[in-house]
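Reviewing the structure listed below.
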Amino acid sequence: HGEKGNAASLAESHSNDAADVLRSMEERYVRTNRPDVQPDTISYATVLHSYANVGNAKAAQRILDHMETLSQSSEWKGRVEPNTICFNSTLHALSKSKENDAPHRAEALLQRMERLAASNPELGIRPDRISYSAVIATWARSNAGDGAERAEELLQRNWSEYEEGKNDHVKPDIITHNTVLDAWAKQSARRRGRAALEAAQRADSLVAEMERGGTIRPCTISYNILIDAWSKSGCKGSAEKAESILRRMPEPDEISWNNVLAAYANTGRDDGLVSALRLLKEMEENDD
């Protein structure tokens, strides 16, 4: 933890240093009016990206807002223009942020991109798959009680945008689907009773939809997340359900087997222990 903390502090320090250099360039240009020292879109985008990588969403948003303000000025217009990459970097920062309001800010920023795409298409700012994935990840990683619901709603909206031909650049991928699955798995572990069961069932429904749809097929990671969702739900029959998923997996791996073992061990029942031993023996036989 110490090494990680030091590395994070160092990265944050480098981001602040880069921001200081950018500020100095801007101030020098204002003083001298020399075009050769005037920062451009790449200058601001580089610092924004640096803040995004360390999850400093407030600093990233400040730079994005400042870029928009500059772009309205005749002196800076054409020199500094925020683009989709800048917006996506800010969304990435929000997805890594631990702030409670990060999901709402991310969704507001996505809506801002959508409004700009509709009102000023010549700017070339338009949400793409990365934009949606970042907002979905922000909800999925949050501690919000409705984080999984909001993540899945955005995924469905994402698909609608693509399938209705409104935006060809937003087709979701397997990573986005797995992010939503993971959100439901976390909710199944946090919730109790019927709420935990419903969270596991929502994850189950999403995988079933992926299996039926054929466009995005579940992968081993998808199934492992689903097994984990049932395993940690603590619901009656959850271990048996986890094993049934294992049995229908095309390519189960060690994690798949271990998650089912944990599901049986967590039941606290004698027959659960028997089932765990049976699976352990089967694993050893498969290794041979």
Original post:
Along its principal axes, what span do the Cα atoms of region 51-117 show, with the longest given first and each in whole Å?
Top reply: 37, 24, 16
Subject >> Angle between the chain longest axis and helix 220-231 axis [Cα atoms, degrees, rounded to 10] >> reply: 60 degrees
**OP:** Report, in deg cm²/dmol and to the nearest 500, the calculated mean residue ellipticity at 222 nm for the chain, where each DSSP H run with n ≥ 4 adds -39500 (n - 2.57) and the sum is divided by the residue count.
**Re:** -24500 deg cm²/dmol
**OP:** Heavy atoms only, probe 1.4 Å: what % of the accessible area of the chain goes to carbon and sulfur, would you let me know?
**Re:** 50 percent
**OP:** Can you check what the net charge comes to around Q201, using other residues whose Cβ is under 11 Å from the Cβ of Q201 (Lys, Arg +1; Asp, Glu -1)?
**Re:** +1
**OP:** Report the full-extension gain for the segment N286 to E75: residue separation times 0.36 nm, less the Cα-Cα distance, to one decimal in nm.
**Re:** 69.0 nm
**OP:** Kindly write out, for region 147-153 in residue order, the coupling ³J(HN,Hα) from the Karplus curve 6.51 cos²θ - 1.76 cosθ + 1.60 (θ = phi - 60°), rounded to whole Hz, with x marking Gly and Pro.
**Re:** x, 5, 4, 5, 4, 5, 4
Original post:
If you rank I221, I245, I63, I174 by how much accessible surface each has, with a 1.4 Å probe, what is the order from largest down?
Top reply: I221, I174, I63, I245
Subject >> region 186-204 and region 61-100: distance between their alpha carbon centers, rounded to Å >> reply: 37 Å
Subject >> Cα-projected label distance for S119 with D65, points at 7 Å along beta-carbon direction, nm >> reply: 1.7 nm
Subject >> Alpha carbon Rg of the chain, scaled by the compact-globule rule 2.2 N^0.38 Å >> reply: 1.24
Subject >> Cα gyration tensor shape of region 148-288, rounded if a/c is under 1.5, else prolate or oblate by comparing a/b with b/c >> reply: oblate
Original post:
Using modelled backbone amide H atoms (1.01 Å from N, in-plane), which distant-in-sequence or interchain residues come within less than 5 Å of V54's amide H?
Top reply: none
Subject >> Proportion of all alpha-carbon pairs of region 144-186 beyond 13 Å (%) >> reply: 53 percent
Original post:
What percent does the relative contact order of region 82-236 come to when contacts are Cα pairs within less than 8 Å and at least six residues apart?
Top reply: 18 percent
Subject >> Shape metrics for region 145-230, restricted to C-alpha atoms - Rg then Dmax, Å >> reply: 12.9, 41
Subject >> Full-extension gain in nm, Q111 to E211, via 0.36 nm per residue minus C-alpha separation >> reply: 32.9 nm
Original post:
Among E107, E198, E254, which one moves the most in a GNM of the chain with springs linking Cα atoms closer than 10 Å?
Top reply: E254
**OP:** Go through region 88-98 residue by residue and turn each phi into a ³J(HN,Hα) via Karplus (6.51, -1.76, 1.60, θ = phi - 60°); whole Hz please, and just put x for glycine and proline.
**Re:** 5, 4, 5, 5, 4, 4, 5, 5, 9, 6, 9
Subject >> Per-selection Rg to Rh, region 224-277 - Cα, Kirkwood hydrodynamic radius >> reply: 0.93
Original post:
In sequence order, what are the phi-derived ³J(HN,Hα) couplings for region 51-67 according to the Karplus relation 6.51 cos²θ - 1.76 cosθ + 1.60 with θ = phi - 60°, rounded to whole Hz, with x for glycine and proline?
Top reply: 5, 4, 5, 9, x, 8, 5, 5, 5, 4, 5, 4, 5, 4, 4, 5, 4
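The values are calculated or read from the model by the stated rules, or taken from the named source; none is laboratory data. Owing to the predicted nature of the structure, the values given are computational and were not obtained by experimental measurement. Please note: Cβ atoms are built from the backbone with ideal geometry, for glycine as well, and neighbour counts cover all protein chains shown. The accessibility values were calculated without ligands, DNA or RNA, using every heavy atom of the protein model including side chains. Shrake-Rupley method; radii C 1.70, N 1.55, O 1.52, S 1.80 Å.
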